[in-house]
Amino acid sequence: MCSVKSKVTVVGSGNWGSVAAKLIASNTLRLSSFHDEVRMWVFEETLPTGEKLSNVINRQNENVKYLPGIKLGKNVIADPDLEHAVKDANMLVFVTPHQFMEDICKRLAGKVRKDAEAISLIKGMEVKKEGPQMISTHISDSLRINCCVLMGANIANEIAAEKFSEATIGYRKSKEVAEIWVQLFNTPYFMVSAVKDVEGVELCGTLKNVVAIAAGFVDGLEMGNNTKAAIMRVGLREMKAFSKLLFPSVQDNTFFESCGVADVITTCLGGRNRKCAEAFARHGGKKSFDTLEAEMLQGQKLQGVSTAKEVNEVLRHRGWSESFPLFSTVHEICIGRLPPTAIVEYSERTPKFSLIKGSEQHLKN
Ligand SMILES: NC(=O)c1ccc[n+]([C@@H]2O[C@H](COP(=O)([O-])OP(=O)(O)OC[C@H]3O[C@@H](n4cnc5c(N)ncnc54)[C@H](O)[C@@H]3O)[C@@H](O)[C@H]2O)c1
């Protein structure tokens, strides 16, 4: 993989996708082991001006819809043809809202290079009959390639403005491959480190969006900082317990990396999940999340509400709901079964840790 120049394609061009392309493009210009050009697959849209988004990105070197005001680098080429965009790449960066990945993987099956390596920046999971499946596993299984993950305290617009932040890469086997991804993403303002815990890193990135919804409710109810800190602590504890129950290989230390506690903090202070949940609570739960997403996010997608639903399917299926009062309550509020005020009432019930056989250690830690 190192002897010939690597070619990178970014699959996705939303807010974070565009920032990822910018970061990567600054490094492919600098590092001789990569081709300069970074292809970015664009889900084609027609702008109010009547122009195609991909044409405007290529003319202005700027994603005017999802990352306005930021130059991506002249070596970022927008490509609306998915198969064409990935054809020659041996490094594939997946960064779309998770609900589109099933379709994207179906379209790409058998179409990517056999020696390709992938990395997923996607937060979310798929719940199937046979159990939950992480997005990186879905990519690996359907495209038959290895897939790392990159997660962290990364609100895209702040990184676009080159404000310092950190991120964590999770890898399964090859440290060498993880180090190539570190090289590709690392910049003086974006510090990346790698840990051998792909499930732990990915679950942190996924589950923190549920905690952010809870934090948004607290803001909408004007409960103050102590309450929010309590929600963040309980949320982090449930993230750890849930991750370790699903994958006993998950490492405690992962929760102290950027993808863990740091991402919980940043998403509960800023971010779109917190913002929409705050508005939901201010409207007393009477305005749906679908309406708020459409009104407040200009085409960007919410992740926390669908992740809360997916997590709750797992909890119900496995009989774990009572051990995860925060995750359960967030979902019940999102679907209108409980009022937003329930977010600070759930803690009156003591979680029944002992209900889950063999879980005592994970849940008490
Ligand atoms: N934005 C952030 O700050 C941030 C930070 C870290 C991680 N993430 C994660 O990155 C992932 C991508 O988020 P984002 O912020 O780049 O996207 P986004 O929410 O800003 O944009 C939505 C994207 O989905 C595309 N889209 C719409 N319909 C589609 C379809 N049918 N098929 C395929 N694509 C379609 C749109 O063109 C757009 O590119 C998510 O999993 C998100 O949780 C986001």
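The values are calculated or read from the model by the stated rules, or taken from the named source; none is laboratory data. Please read these numbers as outputs of a predicted model, since none were measured by experiment. Cβ placement follows ideal geometry from the backbone for every residue including glycine, while neighbour counts extend to all protein chains displayed. When the accessible area is computed, the model is the full protein with side chains, heavy atoms only, and any ligands, DNA or RNA have been set aside. Shrake-Rupley method; radii C 1.70, N 1.55, O 1.52, S 1.80 Å.
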Taking the stretch 100-144, which trypsin sites (Lys or Arg not before Pro) meet the DSSP loop condition and have no more than 16 other C-beta atoms within 10 Å?
Lys111, Arg113, Lys114, Lys129, Arg144
Could you work out Rg/(2.2 N^0.38 Å) for the stretch 47-89, with Rg from alpha carbons only?
1.20
Accessible surface of Ser328 - all protein chains present, 1.4 Å probe, nearest 10 Å²:
20 Å²
With angles folded into 0 to 90 degrees, how steeply does helix 272-282 sit against the dominant principal axis of the chain? Use alpha carbons for both and round to 10.
40 degrees
I'd like the distance separating the alpha-carbon centroids of the stretch 10-27 and the stretch 76-106, in whole Å.
12 Å
Using a 1.4 Å probe on heavy atoms of the protein chains only, the accessible area for Met134 in Å², nearest 10, reads 10 Å²
Along its three principal axes, how long is the chain when you only count alpha carbons? Whole Å, largest extent first please.
58, 46, 38
Can you give the angle from 0 to 90° between the axis of helix 304-318 and the longest principal axis of the chain, with both taken from C-alpha atoms, to the nearest 10?
60 degrees
Could you work out how far the C-alpha centroid of the stretch 244-287 sits from that of the stretch 43-73, in angstrom?
30 Å
Hey, if we sort Lys163, Lys301 by accessible area with the 1.4 Å probe, largest down, what's the order?
Lys163, Lys301
I'd like the orientation of helix 198-220 relative to the chain: the angle between its Cα long axis and the longest Cα principal axis, in ° from 0 to 90, rounded to 10.
60 degrees
